[in-house]
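Asks: Please see the structure below; I have some questions.
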Amino acid sequence: MDQMSIDDAVRWPKGETRVPFQVYRSPQILDQEQRLLFEGPVWNYLCLETEIPNIGDWRTTFVGRMPVVVARTESGDIAAFENRCLHRGALICLDNAGNAKDFTCVYHAWRYDLGGNLKSIAFSRGVNGKGGMPDDFRPQDLAVRKPRIATFSGLVFATFSDVTPSIEDFIGPEVSAALRLNASRKLQVIGRFTEVLQNNWKLYAENVRDTYHASLLHVFFATFRINRLSQGGGVSVSETGACHVSTTLAPTEEADNSYDGMRSVDDELRLSDPSMLDAEDEHGDRVRQQIISVFPSFAMQRTYNVMAIRQFVPRGVDKTDLNWIYLGYADDSPALRRRRLKQLNLAGPAGFVSMEDGCIGNFVERGAAVAADGVSLLEMGGAGMESQDTRATETAIRGFWKTWRAIMRQ
């Protein structure tokens, strides 16, 4: 498969409206994705600027399956490099985060500066005149792989391609506007954990772009009238299809508050603590639920006063790490911070409005286990990837696959 394009290797019966199950199950495609896609012309989310505020601060993260270190250098700039020693390939950084003057590989003590440049190696001149490296060995001739860095509204992204457009052009104006929401306030991490999904990473990438399953799959949404397709909002898709933002607005006082979806509301169900849904319109935009995606593996969620980043990391054909990073603002009032922490129970693997997402991808994996020639049908809302003023559509998923196919054809 390395010698042919994805369209030669996989049959697409009807463009982006028919996605072959084979693309979720092929180890060869997963390997191609690392080389062509994650290390290709895309912007990969690394971390938040506020997580590495001081010189020497660093975090480990991933670009696809590649382990990466991101650090604040002596100049105050942000640098990133592959977390792999140039000697024997061991990890350079073993922990999740820290502060350091430089980095030393634990295996043979090869030392790197904060920008990932090799500075010295142990016993380079041997011991007692014996052994050591050749006389013509120069550490500066070796270099770990380093991506370009871009920051956007407090978020740090990286690309390994010279042809990747600017982060603003890649995201597009509509999605950029949604991500710029926090531009004037300093973000703060208030919680994090990793959820292991038993499915291919692309199934989760589809899930965050699936704008109408919420009122059907997530019973809590429907039962407590948080997310209904009759509410205002819609889907904006970037020109390339790579990124999107879907929005559900809170109903106005004049709006009909009846539920017109396919699942009935059980009026006997009540929350023992109704303040769970006591939301503050802190941004003045009436947003009740919003999902923003940046191709390939970043999503940001707003549900009431919950703000959360989701980074999905491929671990194998049928395994994905979903990193949740919960956010607040540094200037949150005590009352708003308490509300955020309480409402964190809405999102995550046990979240009232998102726990089903942790298993639905595996249901697809199991359902399509022997459907070698089967396809996923994506025709809700048409066949294109245009923005729409409804969430009863799969336009953002088709945009994902158009971008994926274009990159994987290289």
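Asks: Quick check on the stretch 121-140. Is at least one of its residues small (Gly, Ala, Ser) and part of a strand (DSSP E or B)? Lay out the reasoning, then the answer.
Replies: Here is the first cut: in the stretch 121-140, the ones small (Gly, Ala, Ser) are 122, 124, 126, 129, 131-132.
Now narrow it down to the ones that are part of a strand (DSSP E or B): none.
Scanning the stretch 121-140, I find no residue that is small (Gly, Ala, Ser) and part of a strand (DSSP E or B), so the answer is no.
Asks: All but one of (1) out of contact with any helix residue (DSSP H, G or I) (no Cβ under 8 Å at 6 or more places or on another chain); (2) closer than 21 Å to Gly56 by Cβ; (3) among the basic types (Lys, Arg) hold for Arg138, so report the exception by its number.
Replies: Every condition holds for Arg138 apart from (2).
Asks: Looking only at strands (runs of 3 or more DSSP E) that lie completely in the stretch 184-249, which have at least 1 residues being touching a His at 6+ places or on another chain (Cβ under 8 Å), crowded, with 17+ Cβ neighbours inside 10 Å and not basic (Lys, Arg)?
Replies: On the way: elements: 187-197, 233-237, 244-249.
Here the list reads 233-237.
Asks: Okay, moving on. Mind listing whichever residues of the stretch 386-405 are out of contact with any Asp or Glu (no Cβ under 7 Å at 6 or more places or on another chain), among the hydrophobic types (A, V, I, L, M, F, W, C) and modelled with pLDDT of 95 or more?
Replies: Within the stretch 386-405, Ala396, Trp404 qualify.
Asks: So Gly284 clears everything in (1) without any contact (Cβ under 8 Å) to a residue 12 or more places away in the chain; (2) surrounded by 17 or more Cβ atoms within 10 Å (Cβ to Cβ) except one condition, right? Which one?
Replies: Result: Gly284 fails condition (2) only.
Asks: Looking at the stretch 147-171 only, could you name the residues that are part of a strand (DSSP E or B) and either within 16 Å of Ile292 (Cα to Cα) or of a type outside the set (Val, Ile, Thr) (or both)? Give the steps one after another, and end with the answer.
Replies: Just the residues of the stretch 147-171 that are part of a strand (DSSP E or B), to begin with: 148-152, 155-159.
Answer for the stretch 147-171, where residues must be part of a strand (DSSP E or B) and either within 16 Å of Ile292 (Cα to Cα) or of a type outside the set (Val, Ile, Thr) (or both): Arg148, Ala150, Phe152, Leu155, Val156, Phe157, Ala158.
Asks: Taking the stretch 19-55 on its own, how many of its residues are modelled with pLDDT of 95 or more and basic (Lys, Arg)?
Replies: Selection size over the stretch 19-55: 1.
Asks: Could you tell me which of the residues Arg72, Arg59, Arg111 is touching a helix residue (DSSP H, G or I) at 6+ places or on another chain (Cβ under 7 Å) and farther than 30 Å from Phe363 by Cα? Working first, answer last.
Replies: Numbers: Arg72 fails: touching a helix residue (DSSP H, G or I) at 6+ places or on another chain (Cβ under 7 Å); Arg111 fails: touching a helix residue (DSSP H, G or I) at 6+ places or on another chain (Cβ under 7 Å).
The match here is Arg59.
Asks: Please indicate, with yes or no, whether at least one residue in the stretch 44-67 is under 16 Å from Phe400 (Cβ atoms) and assigned to a strand (DSSP E or B).
Replies: Step one: filter the stretch 44-67 for residues under 16 Å from Phe400 (Cβ atoms), giving 44-45, 64.
From what is left, the residues that are assigned to a strand (DSSP E or B) are 44-45.
Among the residues of the stretch 44-67, at least one is under 16 Å from Phe400 (Cβ atoms) and assigned to a strand (DSSP E or B), which makes the answer yes.
Asks: Continuing with the same structure: Could you look through the stretch 35-53, keep only residues that are surrounded by fewer than 24 Cβ atoms within 10 Å (Cβ to Cβ) and over 14 Å from Pro314 (Cβ atoms), and pick out the one that is farthest from the chain's Cα centre (by Cα)? Walk me through how you get there before you give the answer.
Replies: Taking the stretch 35-53 first, the residues surrounded by fewer than 24 Cβ atoms within 10 Å (Cβ to Cβ) are 35-41, 48-53.
Filter once more, keeping what is over 14 Å from Pro314 (Cβ atoms): 40-41, 48-53.
Working: Gly40: 16, Pro41: 16, Leu48: 12, Glu49: 16, Thr50: 18, Glu51: 17, Ile52: 19, Pro53: 22 Å.
Going through the qualifying residues, I end up with Pro53.
Asks: Continuing with this model, one more query. Are any residues in the stretch 95-109 within 24 Å of Phe160 (Cα to Cα), outside any strand (DSSP E or B) and over 22 Å from the mean Cα position of the chain (by Cα), and if so, which ones?
Replies: The answer is Asp102, Cys105.
Asks: Continuing with the same structure: Going by the conditions given, is Arg65 over 27 Å from Met307 (Cα atoms) and surrounded by 13 or more Cβ atoms within 10 Å (Cβ to Cβ)? Give the derivation first.
Replies: Numbers: over 27 Å from Met307 (Cα atoms): no; surrounded by 13 or more Cβ atoms within 10 Å (Cβ to Cβ): yes.
It is false that Arg65 is over 27 Å from Met307 (Cα atoms) and surrounded by 13 or more Cβ atoms within 10 Å (Cβ to Cβ).
Asks: In addition: Can Ala80 be described as surrounded by 21 or more Cβ atoms within 10 Å (Cβ to Cβ), touching a Pro at 6+ places or on another chain (Cβ under 6 Å) and touching a residue at least 12 places away in the same chain (Cβ under 8 Å)? Show your work before the answer.
Replies: Values: surrounded by 21 or more Cβ atoms within 10 Å (Cβ to Cβ): yes; touching a Pro at 6+ places or on another chain (Cβ under 6 Å): yes; touching a residue at least 12 places away in the same chain (Cβ under 8 Å): yes.
So Ala80 fits the description; yes.
Asks: Here's another thing I want to ask about it. Working only within the stretch 116-175, note down all residues that are under 17 Å from Pro296 (Cα atoms), surrounded by 11 or more Cβ atoms within 10 Å (Cβ to Cβ) and among the small types (Gly, Ala, Ser).
Replies: Across the stretch 116-175, the qualifying residues are Ala150, Ala158, Ser161, Gly172.
Asks: Take Gly116 and tell me if it is touching a residue at least 24 places away in the same chain (Cβ under 8 Å) and either in contact with a Leu (Cβ under 8 Å, 6 or more places away or on another chain) or outside the structural domain of Arg59 (by TED's automatic domain parsing) (or both). It would help to see each step written out before you state the result.
Replies: On the way: touching a residue at least 24 places away in the same chain (Cβ under 8 Å): yes; either in contact with a Leu (Cβ under 8 Å, 6 or more places away or on another chain) or outside the structural domain of Arg59 (by TED's automatic domain parsing) (or both): no.
Criteria not met by Gly116.
The values are calculated or read from the model by the stated rules, or taken from the named source; none is laboratory data. Since the structure is predicted, the reported quantities are computational estimates derived from the model, not experimental observations. Note: ideal-geometry Cβ built from the backbone for every residue, glycine included; neighbour counts use all protein chains shown.
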